[in-house]
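Laboratory data are not the source of any read-out in this text; all were calculated from the coordinates shown. This is a predicted model, so every value here is computed, not measured. Here the Cβ is made from the backbone with ideal geometry for all residues, glycine too, and neighbour counts use every protein chain on show.
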Amino acid sequence: MNLLTVRGLSVDYATPNGPARAVHGIDFHVNQGEVIGLAGESGSGKSTVAKAIMRILQPPGFISGGSVLLNGRDVLTMSRSDLRDMRWTEMAMVFQSALDSLNPVLPIEAQFQDLAIARLGRRLAPAQLREFLRFVDLENRVLSSYPHQLSGGMRQRVGIALALVLKPKLLILDEPTTALDVVVQRHILRGLQRLQKELNFSILFITHDLPVLLAMSDRIIIMKDGLVCEADTPSALRRRPEHPYTQQLLASMQLLEDGGDGSPEERT
Amino acid sequence: MNFLLSKMGLYAVAGWAVITLNFLIPRLMPGDPASALFARFKGKLKPDAMEALRQQLGLNDAPLLKQYWDYIAQLAQGEFGLSIAFHPEPVLGVIKIGFIWTVGLSGVAVLISVVVGTGLGAYAAWRQGGRFDAIVPPAVAFLAAFPYFFLAMILLFFLGLEWGLFPLGMAYGPYSAPGFNGGFIYDLVSHGFLPCLTIVLASLSGWLFVMRNTMIGVMGDEYVCLAHAKGLSRRRIFVAYAMRNALLPSLTSFGMALGFIVSGALLTEVVFSYPGLGYLLLKAILSQDYPLMQGIFLMITLSVLLANILVDALYYVLDPRTRGGR
Ligand SMILES: Nc1ncnc2c1ncn2[C@@H]1O[C@H](COP(=O)(O)OP(=O)(O)OP(=O)(O)O)[C@@H](O)[C@H]1O
Ligand SMILES: [Mg+2]
């Protein structure tokens, strides 16, 4: 079943020389319970797409066309209060820069409670808080810490836990693991995968890290210059990448894997 | 804790520098203020008072280091010498009264100015580009373009002289006896209103613009944007996410601006004949009362220093990042 359908989505940034188009009418969809990978070079418009879907683009960014259907309802024409009801209950997001996405002057627990009070009308019980931390493998003492007392990886996990509080059906992760070393990164991703199976939500996973996407995703969308240039399953992409950019991506990845002396043609 | 300790060390050094400068300046002054004084007061000063004055102005023949040591020892006992203008009152007694008036007036004025200024600045930023933002900040900036004494004279002329809404000077009227009763408090407030308003109007724009600009920066931060996306109430975001974080940089500039405000407040006192340190300083200068001047300078600089310490302590309370940790 289609959970999210993006049709002809265009996004522009207003500049002194008129609007500059960052996303050129792209189409894709996310099914219930699916993990979709969104890859592409830096500046190709991945974060812009994610923010447009959540409708949290800040000026000078604005949506210039298309529709974003979530369970059949168009997010782009929703009223303010509908948007408020939709965000975090139906789709939640973890920002690219987890380092800046927590309020520096509030302890972590307060940031959970702020969300709970605003959206559930009550505070979370200590047992519930512990449950959310367990999801992302964090200890309880994190609750009384301030953001600056946590490592980058811990903050990123707090961000993920905060995104899960209202049990969203779609979780958008914008490069949630870029700031992390490989071991922590794998650890978090494995935790996320387990969680995703357990709670059966969908994930739109944005990253440069093609190997991770190939391992985790049900389908992969490749963007370049604001366009979707390819979308297919990991195995199909590996077998016959159609777009030159995808071939390049795979080749560079295999170069790394083979220690620098392999070429895509030698592999099958 | 380390943060606070190192700050305290810094203030201790600054305090020592202030005290030492206060010792050195009359001794390094060109010309000889003391001879002029002797000439003026010959016959009027008692011999022992004259001797004390000589000592204090560094006119004895003891080595500088010994003089310095005696000076510190005297300060430690709260001994500032005798005032000439208010002879034979001791300087400390004269300053004490002026100090209370100045702290009362400037303290209230600065508090009002900070609260109102930051509040207006925060709200202007919150409604950036709106009608409030288009009118209030420019109006406040216009007021701040006038110097303190000019603003004071305008207010005095119109509200005091022309329209007779407020008394023209002093801290309380000639017929009201100081005491804790409604009549006297009313008298106090009506006398303090114009000087207070002057200081508030002249210093308001600093807080407003610092707050508005940092607040606009903070509102573009990701955690504020995320707080909106999570559906937190606007009130909560305004107070605990945007304003709370914008207050921190404002506080730093507060400490730095305090010196300017105090000097402005002293000028204001002169215009309104308000019996605080500024007014006393004018009297001291007019009657070449060096001991009193020295005492007032010391008092003013030390209190600005103390206010800065308080601001730092407040910063320490408000910003979890300065409280140490890992
Ligand atoms: N605030 C902005 N103002 C103007 N242009 C912007 C703004 N933000 C992004 N852009 C432009 O939009 C395009 C897409 O940016 P976006 O952040 O979506 O890229 P991305 O794919 O997420 O890159 P990365 O992998 O580096 O995060 C870029 O060309 C960028 O220059
Ligand atoms: Mg990005």
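Structure summary
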item	result
Length-normalised contact order for chain A - Cα pairs under 8 Å, 6+ apart - percent	25
Loop-located GluC sites (Glu not before Pro) in the stretch A:121-217, at most 16 other Cβ atoms within 10 Å (DSSP)	A:139
Neighbour-limited loop hits for trypsin sites (Lys or Arg not before Pro), the stretch A:78-139 (at most 14 other Cβ within 10 Å; DSSP other than H, G, I, E, B)	A:122, A:123
Order of B:212, B:236 under a 10 Å beta carbon neighbour criterion, fewest first	B:236, B:212
With Cα atoms, 0 to 90° folded angle of helix A:182-199 axis to chain A main axis	70
Using alpha-carbon coordinates, inclination of helix A:126-135 to the longest axis of chain A, degrees	10
Top of B:102, B:214, B:268 by mean-square fluctuation, Gaussian network on chain B, Cα under 10 Å	B:214
Nearest-20 debye value, the protein assembly as shown charge dipole, Cβ charges on Lys, Arg, Asp, Glu	1160
For the stretch A:95-179, Kirkwood radius (reciprocal of mean inverse C-alpha pair distance, Å)	12.9
Cβ-based charge dipole, the stretch B:91-323, positive-most Cα from B:257, B:112, B:219	B:219
At least 15 Å along the helix axis (C-alpha) and Kyte average at least 0.5, DSSP helices within chain B	B:2-28, B:91-126, B:131-144, B:182-219, B:244-271, B:290-318
q = 0.06, 0.11, 0.16 Å⁻¹: log10 I(q)/I(0) that the Debye formula gives for chain B, counting C-alpha atoms only	-0.29, -0.86, -1.31
Normalised per residue, the volume of the convex hull around the Cα set of chain A (Å³)	145
Cross-link pairs A:51/B:230; B:66/B:96; A:46/A:169 - those with Cα-Cα distance over 24 Å	B:66/B:96
The protein assembly as shown, Cα convex hull volume normalised per residue, Å³	244
DSSP loop chymotrypsin sites (Phe, Trp or Tyr not before Pro) with at most 13 other Cβ within 10 Å: longest gap in chain B	B:1-162
Chain A: angle of helix A:152-164 to the longest principal axis, Cα-based, in degrees nearest 10	80
